[in-house]
Amino acid sequence: MTHANRRCQAGKSFHRNAQKQALWRIALGVTCFLGSANMTFATNVTLRGRGVSLTVQSGDGSYSILRENMDYPVIHARIAAEIDHKWIRSSDYPRHEISPSTFTDALGNGHQILVRSTGLTALPDLSYTVRMYDTQAFGTITAEVQNHTNQTVTIQDIRSVEAVGPRGVNLGGTEGSDRILSDSFSEDWPPLDIHDLGDAERGTLRAVDSQLIYNRQSKESLFFGALTSEKFLTVLHLEEKADDQKIPAIVGYRVDSTGTTEIQATDPESDFRNGPKNNLIELSLPVPPDGSLSSERLMFAVGNDYYSQLDQYGAAIRVLHHSRVSPDNLLGWWSWTAFYSAITEGNTWTNAQWLAQHLKKFGYDYFHLDLGYGYARSEYATPNASKFPRGLMPLTRKVCGLGLKMGFWTAPFEASDRSWVYQNHKDWLVHNAQGEPIRIGENDEDGREILFVLDSTNPAAQEYLRQTYHTLADQWGARYIKLDFMDNTAIEGYYFRPNTTALEAQRIGLEIIRKAVGEHVLLDKDGSPMLNPVGIVDDGRISQDTGHTFLRSKEAAPGIAARYYMNGNFFRDDPDAFTISRQVILDGPIHAPLTLPEAQVSIVLSAVSGGMFEIGDDLPKLGQDPDRVALVENPDILQMAKLGRASLPVDLLTYRVEDEEPSIFLLREDGRQAMLAVFNWTEEPRSHTFDVSHLNLPAKDAYKLYDALNQDRPVAMNNGTIQLDGQPAHSVRLIKIIDVSISAAAPSITTTVPSKAKADQQLEFSSVAAESGVPALAYHWDFGDGVTGDGASLTHTYTETGNYKVQLIVQGVDGVAWRQTFPVTVQGILKPAPPQRYVEARH
């Protein structure tokens with residue numbers, strides 16, 4: 001028997017629950033079928049990847065996903081579509097064509113199977129394509145409706161996964177041991193939570209974009225995640241039911257590419273679900289004869305390492321969407337939790353002065369005005385004269401004069417009833433079938449406003465967006481702009497461009513804003529679907545709003561933990577501002593000020609996110625407490641923030657029930673040192689024991705430990721074990737772990753520095769730290785002519801001939817700096833250029 005025949009013979013085995021044995025198998029990198037790569041099969045076909053396989057059943061076109069070395073499917077499913085408001089499933093068709101082939105896409109090479117369900121002449125065909133990669137431990141599936149009828153049909157939903165059989169998902173172990181991480185529509189809608197099977201309301205757990213199911217007994221997990229957001233929202237539904245012994249089990253599972261109306265109409269966070277029914281518009285997209293419509297592309301993975309599944313998902317998003325991630329993290333101050341909507345020119349200017357005088361030297365150089373500076377929703381270029389009687393220009397010029405960078409809050413697609421748009425151009429708003437603007441709710445935070453949605457497909461509304469953001473960036477000097485409330489404005493409706501979905505309209509608007517502000521302005525997505533803005537924004541909110549209470553930190557923590565993999569892949573994470581002062585805020589009821597341990601919880605939680613690091617306190621009030629000011633100056637916390645890496649939630653899906661939610665985070669800063677953060681979210685003292693293997697640290701090495709928040713508090717390691725006993729309620733321990741067997745080292749730097757130049761020539765200076773070495777924290781340039789600058793890449797122009805010595809100092813996480821001096825010879829003289837008229841480019 002030849003080697004190829006042995007492979008085919010081995011491929012005949014299949015799981016015991018299958019009705020027919022698989023006679024054909026496409027092994028990783030090897031094809032074991034005869035004839036053309038496009039031939040079809042009347043038998044089952046198995047596509048094998050790295051640790052996962054998928055078998056297509058020829059009898060009904062369904063498929064089974066299996067874990068390597070398992071003899072039963074994790075899930076057995078089919079595809080379906082809602083066509084002209086009626087569901088049709090692949091198993092309804094009499095014929096199922098199976099066509100294997102090879103492919104190459106942005107994620108790599110591999111093998112794929114196209115399955116077409118045909119034979120119902122009055123209905124479109126259904127098909128799906130499954131791909132397995134040679135070098136990736138996951139597969140993808142995309143479903144499609146192909147209209148071969150002579151009539152236009154409408155599509156409401158395309159379902160790429162519909163579990164069949166009595167057990168929806170089988171990960172082995174006791175079914176009641178499943179723990180589910182469901183991502184949500186936006187970062188806090190609904191609030192992200194991690195559920196144990198059995199605690200779902202109404203027997204259904206709904207997720208948007210991704211869902212991870214982990215069995216704590218078998219330690220196996222199943223992950224589904226949307227890879228695209230081109231037209232549809234990906235909504236996942238897990239259905240559970242308890243048996244007679246009240247043991248819960250997953251009895252149904254489905255993944256839909258659909259509109260946003262289900263979320264808007266049923267979620268309690270929605271502002272207009274109880275409004276007029278004609279405002280809740282079902283998505284219905286026409287597909288003409290010989291046309292087709294595809295679902296969003298879905299990733300699936302099974303295995304015993306759910307961190308790897310999340311990391312692979314994040315990496316795939318980064319590649320497919322060309323994610324934008326700023327090399328330097330944002331540190332600064334924002335006005336929202338300091339004053340909420342009560343900001344004024346006076347109190348913001350005082351905070352700008354305090355920031356520049358006391359904290360700018362530590363790297364806090366962004367100054368962010370939140371809600372309250374503008375006249376109305378959508379009129380962000382019109383200052384609120386009652387709070388800023390001289391407008392914004394005088395303030396922004398003074399702030400920039402302090403060496404700070406301006407930031408502004410906006411809700412780009414909201415328009416209120418007092419805005420110029422609503423009063424003069426209701427035709428610029430998204431409307432219902434009766435031509436009426438769709439009301440989405442009201443705002444009482446800064447004067448009562450009725451809210452509507454700006455139609456970003458309308459050319460006139462697009463120009464209004466351009467001019468608004470042009471003013472913020474080019475006239476008011478914004479270097480950072482927050483984009484909020486894109487979740488409640490992502491509604492299905494009647495747009496200027498026909499048959500546009502809510503997510504398509506949002507992308508169109510975001511692309512207009514990006515072009516208007518240019519590449520140098522950081523855009524931060526706040527309330528919005530998580531995946532849709534990726535590739536346009538630089539930063540993204542990952543958690544609920546924080547505030548001046550411990551409860552706010554506790555509520556925000558699951559989102560920060562569960563979305564750790566987004567940092568550096570989707571965008572740079574935005575955990576919302578931290579609050580550490582004893583400020584008392586009227587935020588609903590009057591809250592008692594934070595205790596010092598609760599303040600430590602807030603700032604450390606922000607640091608473990610690896611993302612934006614903004615102070616949310618009235619700074620003069622903060623300045624009255626030296627022990628709290630010390631928190632924003634703490635070198636270990638600042639290093640975590642400037643490094644910009646998310647800490648790994650060690651107990652993401654394995655946290656003890658008594659701890660209530662993930663509590664343990666580990667940041668490997670480099671091969672020598674790590675930061676361990678342990679939170680107590682409960683009302684009672686808690687204790688934890690860690691061995692170095694649990695923290696994935698080498699067991700053979702010697703370690704030095706100290707408490708980064710209380711350096712007089714001893715931390716001992718005995719026989720490779722760290723014991724934290726009796727940690728008080730509402731507190732955090734931040735332990736620095738140093739491997740003393742490894743010497744501190746400087747970063748390894750590669751530079752590009754010109755050796756020769758002409759006077760008045762703009763020169764490029766750049767430096768890059770090796771990824772495998774010690775991470776760099778800061779770059780300091782001295783150009784030798786009295787001019788200095790900070791940053792990995794800078795430009796500089798010499799005004800005189802001469803020999804200059806350029807010095808670069810790079811600070812690293814080990815505390816050892818890299819230093820080098822470069823000679824630059826400048827020749828020539830300045831010559832006047834002939835006059836040319838400057839014509840400003842219009843965005």
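The values are calculated or read from the model by the stated rules, or taken from the named source; none is laboratory data. This one's a predicted model, so the numbers in the text were calculated from it and none came from an experiment. Ideal geometry is used to build each Cβ from the backbone, glycine not excepted, and the neighbour counts take in all protein chains shown. Heads up: the accessible areas ignore ligands, DNA and RNA and are worked out on the full protein's heavy atoms, side chains in. Shrake-Rupley method; radii C 1.70, N 1.55, O 1.52, S 1.80 Å.
Over all projection directions, the Cα-based convex hull of segment 206-278 averages an area of 7.2 nm².
The string of couplings for segment 52-61 from the Karplus curve (6.51, -1.76, 1.60, θ = phi - 60°) is 9, 9, 9, 10, 8, 8, 5, x, 10, x Hz, one whole number per residue in order, with x for Gly and Pro. Within the set (1) 96, 43, 24; (2) 65, 32, 24; (3) 45, 34, 30, the number that semi-axes √(5λ) of the Cα gyration tensor in Å takes when calculated for this structure is listed as (3).
Computed over Cα pairs, the Kirkwood radius of segment 774-843 leads via Stokes-Einstein (1.002 mPa s, 20 °C) to a diffusion coefficient of 143 µm² per second. Computed packing ranks the peptides 518-528, 746-756, 153-163 as 153-163, 518-528, 746-756, most packed first, by mean other Cβ atoms within 10 Å. In this structure, the amide hydrogen of Tyr375, modeled 1.01 Å from its nitrogen in the peptide plane, lies closer than 5 angstrom to those of Thr382, Asn384, counting only residues at least 5 positions away or on a different chain. Applying the Kirkwood pairwise sum to the alpha-carbon positions of segment 65-123 produces a hydrodynamic radius of 14.3 angstrom.
If you look at the Cα atoms of segment 84-200, you get an Rg and a Dmax of 18.3, 51 Å.
Between rounded, prolate and oblate, where does segment 628-716 land on the alpha carbon gyration tensor, with a ≥ b ≥ c its root eigenvalues, rounded for a/c under 1.5, else prolate if a/b exceeds b/c?
Rounded is the answer for segment 628-716, as its axis ratio a/c remains below 1.5.
Rounded if a/c is under 1.5, else prolate if a/b beats b/c, else oblate: with a ≥ b ≥ c from the C-alpha gyration tensor eigenvalues square-rooted, which is segment 583-679? The shape class here is oblate. Might you tell me the accessible area per residue for the chain, computed with a 1.4 Å probe and given in Å²? Averaged over the residues of the chain, the accessible area is 40 Å².
Residues in segment 331-340 carry Karplus couplings, in order, of 10, x, 10, 10, 8, 4, 6, 6, 9, 6 Hz; the curve used is 6.51 cos²θ - 1.76 cosθ + 1.60 with θ = phi - 60°, and Gly or Pro positions show x. Working note: Debye formula, equal point scatterers on the alpha-carbon atoms of segment 505-626, no solvent; log10 I(q)/I(0) at q = 0.17, 0.19 Å⁻¹ is -0.86, -0.98. Kirkwood hydrodynamic radius of segment 147-217 from all distinct Cα pairs, in Å? Taking the inverse mean of 1/r over all distinct Cα pairs, segment 147-217 comes out at 14.8 Å. Using Cα centres only, tell me the gap between segment 442-469 and segment 315-376 in whole Å. When both Cα centres are located, 22 Å separates them.
Helical content of the chain, expressed as a calculated mean residue ellipticity at 222 nm, amounts to -4500 deg cm²/dmol (DSSP H runs of 4 or more residues, -39,500 (n - 2.57) each, divided by residue number, nearest 500).
Each part gets one Cα centre, and for segment 51-114 versus segment 538-600 those centres are 42 Å apart.
Per-residue packing, averaged as other Cβ atoms within 10 Å, sorts the ranges 770-781, 229-240 into the order 229-240, 770-781, beginning with the highest. Amide hydrogen proximity for Gly441: with H placed 1.01 Å from N in the peptide plane, the residues at 5 or more positions away or on another chain lying under 5 Å are Leu451. Counting protein heavy atoms only, the chain has 48 percent of its accessible area on carbon and sulfur, 1.4 angstrom probe. When the scattering of segment 728-780 is computed by the Debye formula from its Cα atoms alone, each counted once and equally, what is log10 I(q)/I(0) at q = 0.14, 0.20, 0.23, 0.29 Å⁻¹? Reported log10 I(q)/I(0), two decimals: -0.64, -0.89, -0.99, -1.17. Each peptide in 106-117, 341-352 receives the mean, over its residues, of other Cβ atoms within 10 Å, and ordering these scores from highest gives 106-117, 341-352.
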